[in-house]
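Everything on this sheet refers to the single structure shown next.
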Amino acid sequence: MSNGQSIQELLEEFSAVKHYGLHSVLGQARARGAEFDLERSIRVESAGVFPLRLLVSFEHEAFHQAFSPDVFLPCAWMNMPQESLDRLKTFFAKAWRIHFGWEQGVRGWIGKMYIELRPRQIASHDPTTGVRFEPGQLLFLGYKWPLNGQGSGVVSKYKILAHLPAKESLERWKQSLGTISHGSEPDAVSRLVERLSKRDVPNSQLLLLEVSDEGSRRVSHDINLYDLEQSVESIHDELVALTSMWSPSSVQQAWSAYLRSIADERLGHLASGIDRNGSIFWTLYYGAIRVVTRED
């Protein structure tokens, strides 16, 4: 939600998925007084700019408050393929948090569900690093599928690459982008990392993830920047420069215009990589908020 947008306005903006679970999930959570988080994102690729992307997230207890006894009801609302649902049920008991996503892309509307596992920690005696998450572990197990039911589901795995002080994590992220034949101009990526590094927050640990899809060449790297307390506006020019080598001018202009429309939003995650068709993409997550509901 951007700039004070209400829940009702959000539902109107996403009216195309009214019959694919979004309205039902938010409505039932509100009716049962369950809190949840909302986060928006925008994806840019050579085919265009896609800002209709929303993630709804529940802590384990809040999720069960909202949907028990039928905790898989949202999956039915979202038209989740049976094969994906069967796999989900195998791992569901391990979920620490549960996330639902609705997003519009070049191939239409996609539904998503993520199981977030509780991360293992590494105790550190160094007060400047504090407690860190152990690299190599699976943090998210994701399922995505066409909401119209035309096509099969895909399984995504999110593994921890690093959980390090901000400057170290940003440098590791820059290096990781270079390992996947990334087409963005290296100088543009370096300028982005340099700008972000200037906002280093003492003792902050930034989480870096590697994302891959089963049976696909898709790979990307995602860095969580919320702890830097930056606005989208603070890196607007650097974000636009990232697309200059591989996207048409019309896409660059649309990307820049949307970034200006969310200039005051809190900068969240940045993810970039190669999709399953071999195309470059960047995704910006922003403005995560906690929605506190009350029982009627």
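Residue by residue, the stretch 71-87 carries 3J(HN,Hα) couplings of 6, 9, 4, x, 5, 5, 4, 8, 6, 5, x, 4, 4, 5, 5, 4, 5 Hz when phi is fed to the Karplus relation 6.51 cos²θ - 1.76 cosθ + 1.60 (θ = phi - 60°); x denotes Gly or Pro.
In this Cβ point-charge picture (+1 for Lys and Arg, -1 for Asp and Glu), the stretch 1-148 has a dipole of about 280 debye about its Cα centre. A simple charge model with +1 on the Cβ of Lys and Arg, -1 on the Cβ of Asp and Glu and nothing else charged puts the dipole of the stretch 193-232 at about 180 debye relative to its Cα centre.
When the chymotrypsin sites (Phe, Trp or Tyr not before Pro) in the stretch 57-104 are filtered for DSSP coil states and for at most 16 other beta-carbon atoms within 10 Å of their beta-carbon, the remaining sites are F72, W96. Would you please classify the overall shape of the stretch 137-192 from the alpha carbon gyration tensor, given that a ≥ b ≥ c denote the square roots of the eigenvalues, rounded means a/c under 1.5, and beyond that prolate means a/b larger than b/c while oblate covers the rest? Judged from the Cα gyration tensor, the stretch 137-192 comes out oblate (a/c at least 1.5, b/c at or above a/b).
Taken as Cα centroids, the stretch 14-30 and the stretch 134-184 sit 27 Å apart, rounded to the nearest whole angstrom.
Report the extension gain between F91 and S190 in nm, rounded to one decimal, defined as 0.36 nm multiplied by the number of residues separating them, less their alpha carbon distance.
31.8 nm
Taking amide H atoms as placed 1.01 Å from N in the peptide plane, the amide H of L225 lies under 5 Å from those of H269, L270, each 5 or more residues away in sequence or on another chain.
Compared with the dominant Cα axis of the chain, that is its longest principal axis, helix 22-31 is turned about 70°.
Report, to two decimal places, the Cα Rg of the chain normalised by 2.2 N^0.38 Å (N = number of residues).
Ratio of Cα Rg to 2.2 N^0.38 Å: 0.98.
Looking at the stretch 165-233, the GluC sites (Glu not before Pro) that sit in a DSSP loop and have at most 16 other Cβ atoms within 10 Å of their own Cβ are E214, E229.
Write out the trypsin sites (Lys or Arg not before Pro) in the stretch 149-257 meeting two conditions: DSSP loop, and at most 11 other Cβ atoms within 10 Å of their Cβ.
The qualifying sites are K198.
Which value, in debye to the nearest 20, describes the size of the charge dipole of the chain about its Cα centre when Lys and Arg Cβ atoms bear +1, Asp and Glu Cβ atoms bear -1, and nothing else is charged?
Computed about the Cα centre, the dipole is about 560 debye.
Roughly speaking, what is the stretch gain from R120 to V106, that is 0.36 nm per residue apart minus the C-alpha to C-alpha distance, in nm to one decimal? This chain segment gains 1.4 nm when fully extended.
For helix 186-197, report the angle its Cα long axis makes with the longest principal axis of the Cα atoms of the chain; keep it between 0 and 90° and round to the nearest 10°. The angle comes out near 80 degrees.
Helix 249-261 and the longest principal axis of the C-alpha atoms of the chain enclose an angle of approximately 70°.
Is the stretch 213-296 best put as rounded, prolate or oblate by its Cα gyration tensor, with a ≥ b ≥ c the root eigenvalues, rounded for a/c under 1.5, and otherwise prolate when a/b is larger than b/c, oblate when not? Oblate shape, in that a/c is at least 1.5 and b/c is the bigger or equal ratio. Residues whose amide H comes within less than 5 Å of that of V291, counting only those at least five positions distant or on another chain, are F36, D37, L38 (H built at 1.01 Å from N in the peptide plane). Contact order for the chain, expressed relative to its length and based on alpha carbon pairs under 8 Å spaced 6+ residues apart, stands at 21 percent. Can you tell me how the stretch 127-266 classifies by the Cα gyration tensor, rounded, prolate or oblate, using a/c under 1.5 as the rounded cut? Oblate is the answer for the stretch 127-266, as a/c is 1.5 or above yet b/c matches or exceeds a/b.
No lab work stands behind these numbers, since they all come straight from the coordinates. Not measured: the values here are computed from a predicted model. Cβ atoms come from the backbone with ideal geometry, glycine included; neighbour counts cover every protein chain shown.
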